[in-house]
Amino acid sequence: MAVGAALRLWFIHAYPEVQGDPLVYGDIAKNWLLHGVYGLSSGGQVRPTLIRLPGYPFFLVGCFRLFGVEHYRAVMFVQTVVDLASCLLIADFARRIVSERAGWIALWLAVVCPFTANYAAVPLTETLELFTIALAFDLFAQWMEKPRWGTLLGIALAWSYAALLRPDGALLAITLCPAMVWYGHRRWGAGRVVRLAAVAGAISILPFIPWTIRNWRTFRVFEPLAPRYAMDPGEFTDPGFNRWTKSVCVDLTCTWEIYWNANSDVLQLSDLPSRAFDTPEEYRQTRQLLDDYNTRTTLTPALDARFAELAAARIERHPLRYYIALPLARLADMWLRPRTELLWIELRWWEYSHHHAETVFALAYAGLNLAYLVLGLIGLFRWPRFAGAMLFFVLLRCALLATIEAPEPRYTLECFPLVIALAGAAFERQRTARLPH
C-alpha cells in the first residue's frame, strides 16, 4: 500500500491534469455548491445543464466544501485514497474467487498498475468508477458466500453510484443482477434469489427518480441518465459530422485531432488517415469541405449535411468496413494502445524519427499493458468462480464501446479491476475450477 501511495503521489506531482472535462465537472460542482444550480457558467450567468450525471459533481461538492472551492489538488489526494481502497477490494475479490495467494498477487498488480494510478491525478470519473466496480464484485462474492441484506444493499448502492457517475455504469447492474439469479438459484432457490435481485434493482433505481424529475421540470425532456452526445436540449448534435467521423477514425490520435477540434479549431486535411479517401473525387470533396469549415471553424447545419452526404457515400461503398472492421479496430485501439494519454507523450508516439525516447517509452508502456491483459486471459482460462459474470461484463462493455465514433483508451480501463483479479488467478498453482463453487 505504501508503494501504491507513492506511485499515485508521484503522478499527482509529475502529471496533474486539470483541463477539459475536469473543468466542466468542476464548474457544475461550484455552481451547485455556491448558487444551488446544477449548471454551467455562461456569460457571467449560470444556466442549468444535464450533460453530466450528478455522481461526480456530488463528489466534488463534498471535496470543495471540505478543502475549498476548486482545490483540485485536494481532490487528487482523496482520489488516491479511493484508488488504494479499490486495490484492497480487487485483492479481496481475487482471494474469495481463487485463493489467498492470488489475492496477494492481485494486490501487488493493482497497486503498481500505472494506468489506473495515473487517473488519481485527474479530476475525472475513472477513479470512482473503478472503485464502484471493484466494490460491487467484491460484495457480490461475499453475498454468494452468505446472503445478507446489508451486503445486498451495498451491491445496489455500488452499481447505482456507478451509473450516477457515467451512463455506462449501468452495465454493472445489467451484469450482476442476472448473475445473482444464475449463481444463486441452485443454493437458495430461484424464487428467493429473483426476489432479492429485484429488490436490489429497485433500490438502485431510486437515485435516478429525482434526477429524472429535475430534468423534466427544467428541460421538459425525459432523461434518466445523460444524453449520448453530452448536449443540452435544443443544442445541435452534428449528426452528419459524427457519422462521417465514425467512417474514418479508429484511434485516439484521430479523436484528438479531428473529433475534438470540431467547432473549436481548424481541421487539417493532413491529419486524416489515408482510409478517409476512397477515390480521388472523395479526396477533392473532403478537401473542399474542410476548407469551407475552416473559414469559420463552426459546424453549421449546412456543413453538417454535407458531412452526412460524404459519410453516406462511404458507407454505401464499404458497409462491412463501417459496421464491422472500423468498430473492431477502434476496440483494439482502446485495449492495446499505449496508455500514455495523460503523460504528455506525443500523440503520434510511433514517429520514432521525431522523438526517439518517447517512442521507446510508449512501446514499453504498450508492452506492460499487454502483459496485464495476457495475465488476465490466462487467469480467465483457469475459470475461477464467477468467471462467467466477469466475462459477460467485459463483453458487454466491448459491445457498447464498438458503437462509439471517438475512441479513448480510458474507456476500457473500467475492465481492469476484473483483469487484475483474473491476473492473480494466473499465478495459481492449481486449476481454480477445482475450487468449490
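Overview of results
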item	result
Subset tally (residues that are in contact with a helix residue (DSSP H, G or I) (Cβ under 9 Å, 6 or more places away or on another chain) and either surrounded by 14 or more Cβ atoms within 10 Å (Cβ to Cβ) or touching a residue at least 60 places away in the same chain (Cβ under 8 Å) (or both)) for the range 356-376	8
Given (1) within 27 Å of TYR323 (Cβ to Cβ); (2) among the aliphatic types (A, V, I, L, M); (3) part of a helix (DSSP H, G or I), index of the condition ALA406 fails	(3)
Count of residues meeting criterion [in a helix (DSSP H, G or I) and without any contact (Cβ under 8 Å) to a residue 60 or more places away in the chain] in the range 23-61	13
Subset of the range 404-422 (residues that are open to solvent by 10 Å² or more (accessible area, probe 1.4 Å) and more than 23 Å from THR245 (Cα to Cα))	VAL419, LEU422
Test for LEU401: is it among the aliphatic types (A, V, I, L, M), over 26 Å from TRP108 (Cβ atoms) and open to solvent by less than 60 Å² (accessible area, probe 1.4 Å)	yes
Test: residue in the range 92-101 that is under 17 Å from PHE11 (Cα atoms) and either among the small types (Gly, Ala, Ser) or more than 13 Å from the chain's Cα centre (by Cα) (or both)	no
Those residues of the range 212-233 which are open to solvent by less than 20 Å² (accessible area, probe 1.4 Å) and assigned to a helix (DSSP H, G or I), in sequence order	ASN215
Positions within the range 234-248 being touching a Lys or Arg at 6+ places or on another chain (Cβ under 9 Å), open to solvent by less than 30 Å² (accessible area, probe 1.4 Å), assigned to a loop (DSSP other than H, G, I, E, B) and within 19 Å of THR297 (Cβ to Cβ), in sequence order	VAL248
Selection status of TRP188, within 30 Å of PHE137 (Cβ to Cβ) and either modelled with pLDDT under 95 or open to solvent by less than 50 Å² (accessible area, probe 1.4 Å) (or both)	yes
Qualifying residues in the range 122-175 (those that are outside any helix (DSSP H, G or I) and open to solvent by 10 Å² or more (accessible area, probe 1.4 Å)) - the one farthest from VAL61 (Cα to Cα)	LYS146
Residue match in the range 275-298 (condition: under 29 Å from the mean Cα position of the chain (by Cα), of a type outside the set (S, T, N, Q), in a loop (DSSP other than H, G, I, E, B) and closer than 23 Å to ALA325 by Cβ)	no
Filtered residue count, the range 322-360, keeping only those that are within 19 Å of PRO114 (Cα to Cα) and assigned to a loop (DSSP other than H, G, I, E, B)	12
The range 62-99: number of residues that are touching a residue at least 24 places away in the same chain (Cβ under 8 Å), of a type outside the set (A, V, I, L, M, F, W, C) and either within 25 Å of TRP383 (Cβ to Cβ) or touching a Lys or Arg at 6+ places or on another chain (Cβ under 7 Å) (or both)	7
Meets criteria (within 30 Å of ALA362 (Cβ to Cβ) and touching a residue at least 60 places away in the same chain (Cβ under 8 Å)) for THR253	yes
Lone unmet requirement of (1) at pLDDT 95 or above; (2) under 22 Å from TYR15 (Cβ atoms); (3) not basic (Lys, Arg) for ALA332	(2)
Scan of the range 191-200 for residues that are in contact (Cβ under 8 Å) with a residue 24 or more places away in the chain and either hydroxyl-bearing (Ser, Thr, Tyr) or surrounded by fewer than 17 Cβ atoms within 10 Å (Cβ to Cβ) (or both), ordered by number	VAL199
Number of positions in the range 27-59 that are farther than 26 Å from LEU206 by Cα and in contact with an Asp or Glu (Cβ under 6 Å, 6 or more places away or on another chain)	1
Boolean, GLU341 is within 20 Å of the chain's Cα centre (by Cα), surrounded by 14 or more Cβ atoms within 10 Å (Cβ to Cβ) and within 17 Å of TRP256 (Cβ to Cβ)	yes
Extreme residue, surrounded by the fewest Cβ atoms within 10 Å (Cβ to Cβ), among residues of the range 279-336 that are farther than 21 Å from LEU400 by Cα and touching a Ser or Thr at 6+ places or on another chain (Cβ under 7 Å)	THR297
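The values are calculated or read from the model by the stated rules, or taken from the named source; none is laboratory data. Being a predicted model, the structure only gives us computed values, none of them experimental. Ideal geometry is used to build each Cβ from the backbone, glycine not excepted, and the neighbour counts take in all protein chains shown. What goes into the accessible areas is simple: the full protein's heavy atoms, side chains included, and nothing from ligands, DNA or RNA. Shrake-Rupley method; radii C 1.70, N 1.55, O 1.52, S 1.80 Å.
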